[in-house]
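Notes for the one structure printed next.
The values are calculated or read from the model by the stated rules, or taken from the named source; none is laboratory data. A quick note: this is a predicted structure, and the numbers were derived from the prediction, not measured. Quick reminder, even Gly has a Cβ in these numbers, built from the backbone with ideal geometry, and neighbours come from all protein chains shown.
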Amino acid sequence: MTEASANADGIAICSITIKLNGEPRTLEVYPWTTLLDMLREQLDLTGTKKGCDHGQCGACTVLLNGKRINACLTLAIMHDGAELTTIEGLASEDGLHPMQTAFVTHDAFQCGYCTPGQICSAIGMVAEGRAQSADDIREQMSGNLCRCGAYPNILAAIEAAMPETRNRVGVFEAGASADGHDGVREVKP
Amino acid sequence: MNPFSYARPTRIDEAISLFGPQSRYIAGGTNLLDLMKENVERPKQLIDITGLPLDSIEETADGGVRIGALVSNADLAWHALIERRYPLLAKAILAGASPQLRNMASTGGNLLQRTRCYYFYDSTVPCNKREPGTGCPARDGLNRMHAILGHSEQCIAVHPSDMCVALAALDAVVHVSGPQGERRVDFRDFHRLPGDEPERDNTLAEGELITAIELPAAGYAEHSAYLKLRDRASYAFALVSVAAALDIDGGVIRSARIALGGVAHKPWRDDAAEASLIGEAAEPPAFDRAAQLLLQGASGFEHNAFKIELARRAIKRALAEAARGTAA
Ligand SMILES: Cc1cc2nc3c(=O)[nH]c(=O)nc-3n(C[C@H](O)[C@H](O)[C@H](O)COP(=O)(O)OP(=O)(O)OC[C@H]3O[C@@H](n4cnc5c(N)ncnc54)[C@H](O)[C@@H]3O)c2cc1C
Ligand code: SF4
Ligand code: FES
Ligand code: FES
C-alpha cells in the first residue's frame, strides 16, 4: 500500500493493488471505503449486492484468497496484494461456472438479489470441504438469507454442483493460516 | 463512517506505540466496522493488526495450546488439535455467526465484541454503556435478549460471544501486551460485570493488545457439550447457551466446568455449582442441583424472565449430553 495523495483534512487516499477476477488492478481508496463499496461504486461491479451492509444477509459474499467473506464488513485498504473473486469472475471462455449453471437449471432464485452471494458462498463452502450432507449444506449456507425463500432449490443446485465444483477449486487443508496464504493447496475459483 | 487515518504496523511494539486516545485496533473488522457504520464507534485512527505475526496455533510445553490473537474463528474451530482435544471450543465457535463471518473474525476480536443490545446500537437514544450517565432504556424497554444474572441498575446487557463461553469453561488465559509490558489474565477476570461502570466491558487497559489465548492441557474431550438456544436454528445470537465439561470416572464426576452464555455481561460461572457435582453420580439429580445453584439470584425483566427456566433446562440438558459423551 502506498499513499497516493491526501484530501483537505490531510487524510491519505491510498493506492492498493489487488488481483480482481484474475486481473491485477491498482486502485485508489480512502481508508473508510469498504470492499463492497469499492466494487460497486468505484468499479461498477454491481453483481455483488448490498443487502444489509451489516454482515446479516450474505448478499455481499465474495471470495478473498479463495475464502468466502462479507465484503460489507471489511475495508478495501486492508487487502493490498489479495486475490478477489466476485460473481463477475466465475464464468470462463468455456461458459458459466458449474455452480452458476446449477442455479439456472434448478431454478434456484426468484428475484435474484441474493443469488450472487449464494453462488460465491456455495463455492467457498465447497472449498472448505466440510459439507457432507444436505443438513450440513443447510447449516453451512445459513450465512446467506433469501427473502424469496428459494431455499429448497438453492439446496438442490448446490448438491448437484458440488462434485464438479470440488474438482475445480480443490479443498483447503485443515489448519490453514488465518490469511489463507499458507498451508492451502492452490485454490482457483 | 467518519474519516480516519490508517496504519498497518508489522511489529507488536510498533502497533502499541502507535495507539493514541482516539485509536482502535482492527482485526477482522466484523464488529468494529459494524459499530462505526452506526456511529457508535468513531475512531480517528485505525491500527490494522492483521500484519502482526500472531496467526499461529502451537502446543505449549505443559501440554496446552497457544492460539494467536489473529487466528480466524474458522481456522481455530477446524484446527485438528482443537477438534481432537478441545471439541467444546470447536463446537461453540461453529455455533456462532456465519461461515463468512467466522472466516473474517479473529480470536482476539471475538473476546472484545460489544453487546448486541438494540439501544447500545442506536446512537439516537440514551445508553449508559455508550454514553455513561444517560440512562438504560432497556430496563423498561425491549429486553428479551438481556441479562438475568449479574446485571446492575446501570446496565442489563449481555456479552454475545459463543466462543468466550467455551473459553471460560476451559479456564483459558489471555495474553496481553501493552504500554506497561506483558501480562496474563485468567479468563474469569477478563470480562467484567457492569456495576457502576457499564462502559467497561473488560479489564484491558487503553492500548493493550491481546496477543494470544492459552488453553491448559485439560480439554474435557471425552465429556463436553455446547448447547445454544436461539430464535432460529442458525445465524442468531444465543438466548441462552451452556458449555458443559465433565471428567467422569466409573459414572462418578471427578471435575466439572459449566459456563453460561447469553445471560450476563460475561460468561457466567459458579464455583459452588461446579463443586456440587464432584463425587456425585453423573445423573439428573446432580445436574438439577447444579442448575439451581447456578441460577441462584437470577432475576428477569418484562420480556426475558422466561430465560431463567430456559437456562435451568438448558444446563440440565447440556450436562446430560456431556455425561453421555461428546457428540461427534
Ligand atoms: C450478523 C452477525 C452475527 C453474529 N453472530 C454471532 C454469534 O452468533 N456468536 C458470536 O459469538 N459472535 C457473533 N458475531 C460476532 C462476531 O463473532 C464478532 O464480530 C467477531 O468475533 C469479532 O472479531 P473481529 O476480529 O472481526 O473483531 P474486530 O471488529 O476487528 O474488533 C472488535 C474489537 O476488538 C478490538 N480488537 C480486535 N483484535 C484485538 C486485539 N488482538 N487486541 C486488542 N484489541 C483488539 C478492536 O479494536 C475492536 O474494538 C456476529 C457478528 C455479526 C456481524
Ligand atoms: S442494557 Fe446496557 S447497553 Fe443496553 S441500553 Fe442499557 S446501558 Fe445500554
Ligand atoms: S450486505 Fe454484507 S452481509 Fe448483508
Ligand atoms: S431470490 Fe430473491 S432474495 Fe433470494
Kindly state which helices (runs of 4 or more DSSP H) lie completely within region B:101-187 and contain at least 1 residues that are within 16 Å of ligand 2 (Cβ to nearest atom), under 19 Å from B:V40 (Cα atoms) and over 12 Å from the mean Cα position of the chain (by Cα).
B:118-121
For region B:66-81, what are the residues that are part of a helix (DSSP H, G or I), surrounded by 24 or more Cβ atoms within 10 Å (Cβ to Cβ) and touching a residue at least 24 places away in the same chain (Cβ under 8 Å)?
B:N73, B:A74, B:L76
Listed residues A:G117, A:G124, A:G143; which is under 20 Å from B:A97 (Cα atoms), touching a strand residue (DSSP E or B) at 6+ places or on another chain (Cβ under 9 Å) and not in a helix (DSSP H, G or I)?
A:G143
Kindly evaluate B:R102 against the criterion of being within 16 Å of ligand 3 (Cβ to nearest atom) and at pLDDT 95 or above.
yes
Working only within region A:52-69, note down all residues that are on the phi < 0 side of the Ramachandran plot and either within 16 Å of ligand 2 (Cβ to nearest atom) or over 14 Å from the mean Cα position of the chain (by Cα) (or both).
A:C52, A:H54, A:Q56
Any hit, region B:42-50, residues being assigned to a loop (DSSP other than H, G, I, E, B) and either under 21 Å from A:N70 (Cα atoms) or in contact (Cβ under 8 Å) with a residue 60 or more places away in the chain (or both):
yes
Output the number of residues of region B:87-100 satisfying the condition of being out of contact with any strand residue (DSSP E or B) (no Cβ under 6 Å at 6 or more places or on another chain) and in a loop (DSSP other than H, G, I, E, B).
3
Please tell me if A:G95 is farther than 24 Å from B:S98 by Cα, away from ligand 3 (no atom under 16 Å from the Cβ), of a type in the set (G, A, S) and in contact (Cβ under 8 Å) with a residue 24 or more places away in the chain.
no
All conditions in (1) surrounded by fewer than 16 Cβ atoms within 10 Å (Cβ to Cβ); (2) within 14 Å of another protein chain (Cβ to nearest Cβ); (3) hydroxyl-bearing (S, T, Y) are true of A:S121 except (1)
Take the conditions modelled with pLDDT of 95 or more, more than 16 Å from ligand 3 (Cβ to nearest atom), in a strand (DSSP E or B) and not polar (S, T, N, Q) and apply them to B:A212. Does it pass?
yes
A:A122 being away from ligand 4 (no atom under 16 Å from the Cβ), under 13 Å from the mean Cα position of the chain (by Cα) and more than 16 Å from A:I18 (Cβ to Cβ)
no
Every pair of residues 6+ apart whose Cβ atoms lie under 6 Å, when the first sits in region B:92-110 and is at the interface with chain A (Cβ under 7 Å from one of its Cβ atoms) and within 17 Å of A:G143 (Cα to Cα) while the second is outside any helix (DSSP H, G or I) and among the charged types (D, E, K, R):
B:Q100/A:R68; B:N103/A:K67
Report yes if A:E139 is at pLDDT 95 or above and within 16 Å of ligand 1 (Cβ to nearest atom), otherwise no.
yes
Within region A:8-48, how many residues are within 16 Å of ligand 1 (Cβ to nearest atom) and not aromatic (F, W, Y)?
4
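Residue by residue, here is whether (1) surrounded by fewer than 17 Cβ atoms within 10 Å (Cβ to Cβ); (2) within 19 Å of B:K91 (Cβ to Cβ) holds:
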residue: B:A275; (1), (2): yes, no
residue: B:E283; (1), (2): yes, no
residue: B:A286; (1), (2): no, no
residue: B:S299; (1), (2): yes, no
residue: B:H303; (1), (2): yes, no
residue: B:F306; (1), (2): yes, no
residue: B:A320; (1), (2): yes, yes
residue: B:A327; (1), (2): yes, yes
Among the residues that make up region B:152-170, is at least one of them touching a residue at least 40 places away in the same chain (Cβ under 8 Å), under 28 Å from B:A221 (Cα atoms), touching a Phe, Trp or Tyr at 6+ places or on another chain (Cβ under 7 Å) and more than 13 Å from ligand 1 (Cβ to nearest atom)?
yes
What's the number of the condition B:D62 fails, among (1) within 9 Å of another protein chain (Cβ to nearest Cβ); (2) part of a loop (DSSP other than H, G, I, E, B); (3) charged (D, E, K, R)?
(1)
